[in-house]
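Working notes, beginning with the structure itself.
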Amino acid sequence: MSMLNLRFLRRQLTATKKQSAIFVLCVTLSMVSLVALRSFGDSINRSLLTDAKELQAADVIVESNFGLS
């Protein structure tokens, strides 16, 4: 960021305390939401992988970049 942008941002944040508080609250809420959704997705993924491994107890999984014939 250029110095002009930083000065503008500082001036806007210090000019109105109420708007600054709302801005900080919105940024914080968005970050918390992103972390929660990412964590939820990872948890679902781990759960599905665990269930898949249990269902394939004696099976062999073969993966290949080329067709098997």
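Miscellaneous remarks
Yes/no per residue for (1) of a type in the set (Asp, Glu); (2) modelled with pLDDT of 80 or more; (3) surrounded by fewer than 10 Cβ atoms within 10 Å (Cβ to Cβ):
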residue	(1), (2), (3)
VAL24	no, yes, no
VAL27	no, yes, no
ALA36	no, yes, no
PHE40	no, yes, no
SER43	no, yes, no
GLN56	no, no, no
SER64	no, yes, yes
LEU68	no, no, yes
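- PHE23 outside any helix (DSSP H, G or I) and either in contact with a helix residue (DSSP H, G or I) (Cβ under 9 Å, 6 or more places away or on another chain) or of a type in the set (Phe, Trp, Tyr) (or both): no
- Taking the conditions (1) over 19 Å from the mean Cα position of the chain (by Cα); (2) assigned to a helix (DSSP H, G or I) in turn, LEU68 satisfies each one other than (2).
- Residue within segment 7-19 that is hydroxyl-bearing (Ser, Thr, Tyr), out of contact with any strand residue (DSSP E or B) (no Cβ under 9 Å at 6 or more places or on another chain) and assigned to a helix (DSSP H, G or I) present: yes
- Single match in SER47, SER20 (criterion: among the hydroxyl-bearing types (Ser, Thr, Tyr) and more than 19 Å from the chain's Cα centre (by Cα)): SER20
The values are calculated or read from the model by the stated rules, or taken from the named source; none is laboratory data. Please read these numbers as outputs of a predicted model, since none were measured by experiment. Using ideal geometry, Cβ is built from the backbone for each residue, glycine included, and neighbour counts are taken over all protein chains shown.
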